[in-house]
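Presented below is the structure to which this report refers.
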Amino acid sequence: MPPTVLRRTLHLAGFDVPVIELTGTADGPRLTVLAGVHGCEYAPMAAVRRWTRSLAGRELRGSVHAVPVLNLPSFRARTPFVVPDDGKNLNRCFPGNPDGTVADRLAHAAFTQLIVGSDALIDVHAGDMVEALEPFALYDTGPAEARALELAAAYGLGYVIRQEPGPGRAVGGTTSTAAAEIGIPAIIAEAGGCGLVEAAAVEAHVRGLDRALALLGMTDPPGAAPAAAPVHLGQFLWLRATSEGWWEPAVRPGEQVAEGQALGTVSSLDGAEVLQSVTAPAPGVPMFITSSPAVASGGLLLGLGAR
């Protein structure tokens, strides 16, 4: 029998966020799937919309709680990276603060009402409006990291990055970090970019979500061939501009680079002077690259996955 499907809105920090709840006819895990934590990452939003429709006609064990667009203020304003009300990146605010600004409150509400109580969390992302991206999955260390690693590998995106706590961590305050800290296996899965709804990226997310369901024992394994073994990366190095200028990358996402290899330059706006020559601090693979020439001082240029 197909699952029971409930479409409703959940009141989170003053926003009526759409939620799709699918409950199977047999017991099983509760999987929470979030999309739209960043409001201009459209491919994963499209994938969740499509995937939940496909689940409505399939047998399901356990339950799925799926949010196609969490960050409504950013989605409505077409604001990349940050919540327009307070300028904060929502995926740096988890587990949130009920007495904070809009992003803090939204993170707290999503954490307490959606993530807490889950048996697994998948937060689907893409490169934002000005980011080209090589598909990858990321998980954090913690008591549930063995299961999180299994989820990341099963998703089938080619690269898996393990984040450890400490000063070397590229990002903190994410959904996966907050979930890992309370023992929930969680991944951030990234495919797509540049504000586009690309068919290949949408399909990659739909296929990955199906594989995750099968791994969790919530559906039968998909008929497609299993995912190839991913490349495992232990560092995520984010490189930034030292001054405002014109960014011109010399490599592409997914390209193998050697330590010391030129990755790009930041030059003066009139083109007369190279202000910064960016080189690889370690051998690795660019996971994402800022695709816009316009960069501010301290602005993010690329993220390098290194072994």
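Within the range 147-177, the set of residues being part of a helix (DSSP H, G or I) and without any contact (Cβ under 8 Å) to a residue 24 or more places away in the chain comprises LEU149 only.
Would you say VAL202 is closer than 28 Å to LEU60 by Cβ and open to solvent by less than 40 Å² (accessible area, probe 1.4 Å)? So VAL202 fits the description; yes. Which residues, taken from the range 96-116, are surrounded by 20 or more Cβ atoms within 10 Å (Cβ to Cβ) and in a loop (DSSP other than H, G, I, E, B)? GLY96, the sole residue that qualifies.
Could you say whether any residue in the range 52-59 is touching a Leu at 6+ places or on another chain (Cβ under 8 Å), in contact (Cβ under 8 Å) with a residue 24 or more places away in the chain and over 30 Å from ALA132 (Cβ atoms)? So far as the range 52-59 goes, yes, one or more of its residues are touching a Leu at 6+ places or on another chain (Cβ under 8 Å), in contact (Cβ under 8 Å) with a residue 24 or more places away in the chain and over 30 Å from ALA132 (Cβ atoms).
Can you name every residue in the range 279-296 that is buried (at least 18 other Cβ atoms within 10 Å of the Cβ) and either polar (S, T, N, Q) or in contact with a His (Cβ under 9 Å, 6 or more places away or on another chain) (or both)? Of everything in the range 279-296, those that are buried (at least 18 other Cβ atoms within 10 Å of the Cβ) and either polar (S, T, N, Q) or in contact with a His (Cβ under 9 Å, 6 or more places away or on another chain) (or both) turn out to be THR290, SER291. All of PHE111, PHE136, PHE81, PHE94 fail the test of being of a type in the set (Phe, Trp, Tyr) and within 16 Å of MET45 (Cβ to Cβ), apart from PHE81.
Among the residues of the range 207-227, the ones that are assigned to a helix (DSSP H, G or I), surrounded by 18 or more Cβ atoms within 10 Å (Cβ to Cβ) and not small (Gly, Ala, Ser) come to 5 in all. May I ask you to say which residue of LEU196, LEU269 is modelled with pLDDT of 95 or more and more than 16 Å from the chain's Cα centre (by Cα)? When all the criteria are applied, what remains is LEU269.
The values are calculated or read from the model by the stated rules, or taken from the named source; none is laboratory data. Note that the structure is a prediction, hence the values are computed from the model and not measured. All Cβ positions, glycine included, derive from the backbone under ideal geometry; neighbour counts span all protein chains shown. Surface accessibility is based on the protein's heavy atoms, side chains included, excluding ligands, DNA and RNA. Shrake-Rupley method; radii C 1.70, N 1.55, O 1.52, S 1.80 Å.
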